[in-house]
Amino acid sequence: FVTKLVEYSNFLLQYNYAKNYKMTVINTIEIKKSKFITYLHRTQDEQEAKDFLKAIKKEHPNANHHCTAMIIGNIMRSNDDGEPSQTAGHPMLDVLMHNDMQDILAVVVRYFGGIKLGTGGLVRAYSSSVSEALKAATLTTVTTLQEYQIHFSYDLIGKVDHYFRTQNIEVIEQQYEEDVVYHFLVQDDISKDLMELTNGKIKIQYIQDIETECVI
């Protein structure tokens with residue numbers, strides 16, 4: 001499974017920078033009078049990520065740095081934005097990778113407080129900024145489920161329902177016409193089980209694959 005950012009239980013903030021932006025979250029920490037504001041934005045599009053960064057810079061024109069890290073598909077990038085090399089963007093990216101994040105842009109806005117942190121201090125500060133934001137997160141795993149449709153006679157309802165209950169399979173749609181029609185989602189093909197259960201007296205039709213997110 002690939003872990004994705006969905007939303008955060010705290011610090012929820014809906015931005016109106018563009019019509020298609022999804023829920024974005026901010027989290028702020030202060031270290032030796034410097035303020036680090038972390039934005040975590042869910043996106044599957046690199047251009048949207050760039051547009052979001054522009055909006056953040058417009059929101060914080062007087063900030064000293066706008067450091068970034070992104071993982072979008074096979075794209076992994078980071079930017080120190082004026083901080084010493086490898087002290088900001090790369091540590092942020094390391095945190096995202098360590099947490100198996102995907103489809104995400106992290107922006108840390110820094111307002112310098114007058115006390116220098118040093119190379120190690122900067123690495124810890126930017127890493128902590130992203131880590132603290134992720135701790136407040138509600139995360140999901142993404143998996144692919146298969147949708148099936150089955151037709152069977154009314155005398156088999158008891159057997160089929162019992163099987164679905166014991167296997168924790170949820171029927172998402174039921175129709176009672178000349179035959180009984182169920183629609184359900186599963187990770188693995190259960191056609192063989194259903195054929196054995198009903199002695200072949202069931203019609204099974206694969207419909208489609210559906211991606212779904214489950215909270216972890």
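Using C-alpha pairs under 8 Å with a sequence gap of at least 6, the mean separation divided by the residue count of the chain gives a relative contact order of 23 percent. Can you give the accessible area of Met92, probe radius 1.4 Å, in Å² rounded to 10? My reading of the accessible area for Met92 is about 0 Å².
Using only side-chain charges placed at the Cβ, +1 for Lys and Arg and -1 for Asp and Glu, the dipole size of the chain relative to its Cα centre rounds to 1580 debye. May I ask you to list the chymotrypsin sites (Phe, Trp or Tyr not before Pro) in segment 52-140 that are in a DSSP loop and have at most 15 other Cβ atoms within 10 Å of their Cβ? Sparse-neighbourhood loop chymotrypsin sites (Phe, Trp or Tyr not before Pro): Phe112. Mind sorting out which of (1) 34, 19, 15; (2) 50, 16, 14; (3) 30, 28, 16 is the real semi-axes √(5λ) of the Cα gyration tensor in Å computed from the coordinates? Matching the structure shown: (2).
Within segment 136-216, which GluC sites (Glu not before Pro) sit in a loop by DSSP and count at most 14 neighbouring Cβ atoms inside 10 Å?
Glu170, Glu177, Glu178
Nonpolar atom fraction for segment 33-138, defined as the carbon and sulfur part of the 1.4 Å probe accessible area, stands at 45 percent. Against the chain, whose longest principal axis is taken from its Cα atoms, helix 46-59 shows a tilt of about 40°. Protein heavy-atom accessible surface, 1.4 Å probe, per residue over segment 19-137: 49 Å².
Potential lengthening of the chain between Ile172 and Asp189 amounts to 4.5 nm, from the contour at 0.36 nm per residue minus the alpha-carbon distance. The solvent-accessible area of Ile169, taken with every protein chain present and a 1.4 Å probe, is close to 30 Å². With respect to the cross-link table entries Lys33/Lys58; Lys35/Lys58; Lys58/Lys116; Lys33/Lys135; Lys33/Lys116, which display a Cα-Cα separation exceeding 20 Å? From Lys33/Lys58; Lys35/Lys58; Lys58/Lys116; Lys33/Lys135; Lys33/Lys116, over 20 Å: Lys33/Lys58; Lys58/Lys116; Lys33/Lys135. Using C-alpha pairs under 8 Å with a sequence gap of at least 6, the mean separation divided by the residue count of segment 19-137 gives a relative contact order of 34 percent.
Between the Cα long axis of helix 157-166 and the first principal axis of the chain there is an angle of about 30°, rounded to the nearest 10.
The stretch between Ile210 and Phe112 holds 30.6 nm of extra length on full extension. This uses 0.36 nm per residue minus the Cα-Cα distance.
If the chain linking Glu59 and Asn74 were pulled fully straight, counting 0.36 nm for each residue of separation and taking away their Cα-Cα distance, it would gain 2.5 nm.
With the cut-off at under 15 Å, measuring from each backbone N in segment 128-145 to a point 7 Å along the Cα-to-Cβ line of Gln86 picks out no residue. Counting heavy atoms of the protein chains alone, Lys50 has an accessible area of about 90 Å² for a 1.4 Å probe. Taking the C-alpha atoms only, the angle from helix 118-135 to the longest principal axis of the chain is near 30 degrees.
For Thr141 and Asp45, a Förster radius of 30 Å and the Cβ-Cβ distance give a FRET efficiency of 0.90, rounded to the nearest 0.05. Between Phe52, Gly121, Val215, the Cα set farthest toward the positive side of the dipole of the chain (charges on each charged residue's Cβ, about the Cα centre) is that of Gly121.
For Val25, the residues whose amide H sits under 5 Å from its own are Leu40, ignoring neighbours fewer than 5 places away on the same chain, with H placed 1.01 Å from N. Restriction of the trypsin sites (Lys or Arg not before Pro) in segment 91-138 to DSSP coil positions whose beta-carbon has at most 14 other beta-carbons within 10 angstrom yields Lys116. Placing +1 on each Lys and Arg Cβ and -1 on each Asp and Glu Cβ, with no other charges, gives segment 79-188 a dipole about its Cα centre of roughly 960 debye.
The values are calculated or read from the model by the stated rules, or taken from the named source; none is laboratory data. Only a predicted model underlies this, so the values are computations on that prediction, with no experimental measurement involved. As a convention, Cβ positions derive from the backbone with ideal geometry for all residues, glycine included, and neighbour counts pool all protein chains shown. Accessible surface areas use protein heavy atoms only, side chains included; no ligands, DNA or RNA. Shrake-Rupley method; radii C 1.70, N 1.55, O 1.52, S 1.80 Å.
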